[in-house]
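Structure first, commentary second.
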Amino acid sequence: MAHERSRLFRLDPIDAKWGMRESLISYIVRVAAAHSIRTRELIRRIYLPMLDNPGGALHSPFYRNQARTINGVGQYARTFSELTESLTTQGGLARHTLLPWRDLVPENGTGLIASHVRWCPACLVEQRCNGVPSHFPLLWSLDRYQVCHLHDRPMAEHCPRCGKYQQWIPELPDQTRCTACGCFLGHSGSFELQQPDARQRRHAHLLHDMLASDAGVEDWARHSHLCRRLMAAANHLADGQKSRLSEMLGLTRTSLSCWIAKGQRPAFPQLLHVCDAFGVGFKALLTSDAPLSSPQATGGPQLGIVSRRDSSVDLGTYLTKHLQSEGPPVSVATLAKQLGVSRSKLKYRHPDLVQAVSTQYRDSVASQATLLRQQEIQRVVSLTEGLVATGEKPTGRRLLPQLKLNRLSLRRRYLRLAYWSARQATISR
Ligand SMILES: [Zn+2]
Ligand SMILES: [Zn+2]
């Protein structure tokens, strides 16, 4: 009998055992880490040669925009789950994307996946403390999952140190580090700019419930089930008038008939809104036979439109709160972005507070930089010693691949010095 050997390590995907199923991207990043290879190099060397038409996946727009859809319902989700299954011989990876839900949502996945990488900083800290392999749950990819249902805090999408967005496929095989500055993205600082509102909380729970659904989702997550249920609700609650039920749900008059008569798929936020308005989970909406009760007004009319920040937000209070909080200091630019106002408006309104924020941020950047330097120096020393321990001569050339993987370079003077003294120390031993 021929032994089937996988080309890539067959890691156990992180699943409900740890609370939430990890995303396919998260799995691929961990496979890259297990091979000590950069994630994009893994994709370039192993995945791309196996694609029939790698075209778009070779270019940077793929990494900028489309890579996120690996977790979604489209072509990249299919291709990458199939390839990863065949490379690792690990089955069932489509469940780590939204593919099981593809019959319910439009093929282009409107409103499904967030446009930027999001994470819960407190969850990342907990993964570390509990010895769970660091990973990003699939739930975090959903655009409407805006609050961590475990910690009741807004999901983060800016690095706590440099304020940058994260890349979907990190160069280094570690999703918990900022793809721009390398700092750990987790923290347990309690400071929040905006408290989650009730709707965000309900949505977070509905979405968690949706993805926690057991196997066999494909059998009931179907557009035909949705139509049957909505038609029954229209008969029961609106004298058979789809347009009236549409309005009761806070949708446009024709929404329901487009879905039922024309077979159009609701955009994902609309589907979520329907669950929310009826006060039922996805599974109950689609599979139960119990009559649905009258929809509740849940602020639906602005569906699909990102709500503008409340203009009455008291900027001064926020700035003061930020200064007093234990959360990581952020730049004025980041703060302005988070508040949805321009930097100049913030400066004009609260010059003193802005000055204080800026000083606090500068100081923290400086001390972080010192810390980072120390960490880098330690890393270079331990890499050099590691090389000696394996019986190799610690030449710069031999060290290079490891340095590259750690984003370090001996061109930096302080690292060159650290390397030389570590090397001297090992020789003189
Ligand atoms: Zn959390
Ligand atoms: Zn950063």
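One table, with the values for the structure above:
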| item | result |
| --- | --- |
| Residues located in region 393-429, provided they are touching a Leu at 6+ places or on another chain (Cβ under 9 Å), within 29 Å of Arg40 (Cβ to Cβ) and not in a helix (DSSP H, G or I) | Pro394, Thr395, Asn406, Arg407, Leu408, Ser409, Leu410 |
| Residue in region 142-153 that is β-branched (Val, Ile, Thr), at pLDDT 90 or above, under 20 Å from the mean Cα position of the chain (by Cα) and away from ligand 2 (no atom under 16 Å from the Cβ) present | yes |
| Evaluation of Arg7 against (1) modelled with pLDDT of 90 or more; (2) at negative phi (one fails), failing number | (1) |
| Conditions (1) within 16 Å of ligand 1 (Cβ to nearest atom); (2) within 27 Å of Ser60 (Cβ to Cβ); (3) of a type in the set (Ser, Thr, Tyr); number of the one not met by Ser188 | (2) |
| Flag for Gln360 being in a helix (DSSP H, G or I), in contact (Cβ under 8 Å) with a residue 60 or more places away in the chain, not assigned by TED's automatic domain parsing to the domain that holds Arg161 and not basic (Lys, Arg) | no |
| Among (1) assigned to a loop (DSSP other than H, G, I, E, B); (2) buried (at least 19 other Cβ atoms within 10 Å of the Cβ); (3) within 16 Å of ligand 2 (Cβ to nearest atom), the one test that Val105 misses | (3) |
| Scope region 135-155; condition within 15 Å of ligand 1 (Cβ to nearest atom), touching a helix residue (DSSP H, G or I) at 6+ places or on another chain (Cβ under 7 Å), in contact (Cβ under 8 Å) with a residue 60 or more places away in the chain and outside any strand (DSSP E or B); matching residues | His135, Phe136, Leu138, Leu139, Ser141, Tyr145, Leu150 |
| Residue ID - farthest from ligand 1 (Cβ to nearest atom), chosen from residues in region 114-133 that are surrounded by fewer than 21 Cβ atoms within 10 Å (Cβ to Cβ) and part of a loop (DSSP other than H, G, I, E, B) | Ser115 |
| Residues within region 159-176 that are within 15 Å of ligand 2 (Cβ to nearest atom), buried (at least 19 other Cβ atoms within 10 Å of the Cβ) and of a type outside the set (Val, Ile, Thr), tallied | 8 |
| Every residue from region 332-342 that is surrounded by fewer than 16 Cβ atoms within 10 Å (Cβ to Cβ) and at pLDDT 80 or above | Ala333, Ser342 |
| Residue selected from region 62-76 under the condition part of a helix (DSSP H, G or I) and under 15 Å from the mean Cα position of the chain (by Cα), by the criterion nearest to Arg118 (Cα to Cα) | Arg68 |
| Some residue of region 89-99 being free of Cβ contacts under 8 Å to residues at least 24 places away in the same chain and either away from ligand 1 (no atom under 16 Å from the Cβ) or of a type in the set (Asp, Glu) (or both) | yes |
| Residue within region 84-102 that is within 16 Å of ligand 2 (Cβ to nearest atom), in a loop (DSSP other than H, G, I, E, B) and assigned by TED's automatic domain parsing to the domain that holds Ser23 present | no |
| Conditions (1) at pLDDT 90 or above; (2) surrounded by 15 or more Cβ atoms within 10 Å (Cβ to Cβ): number failed by Leu417 | (2) |
| Considering residues of region 370-410 that are over 29 Å from the mean Cα position of the chain (by Cα) and in contact (Cβ under 8 Å) with a residue 40 or more places away in the chain only, the residue farthest from Ala180 (Cα to Cα) | Glu385 |
| Number of the condition not met by Gly19 [criteria: (1) touching a strand residue (DSSP E or B) at 6+ places or on another chain (Cβ under 9 Å); (2) modelled with pLDDT of 85 or more] | (2) |
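The values are calculated or read from the model by the stated rules, or taken from the named source; none is laboratory data. Because the structure is predicted, anything quoted here is derived from the model rather than measured. Ideal geometry is used to build each Cβ from the backbone, glycine not excepted, and the neighbour counts take in all protein chains shown.
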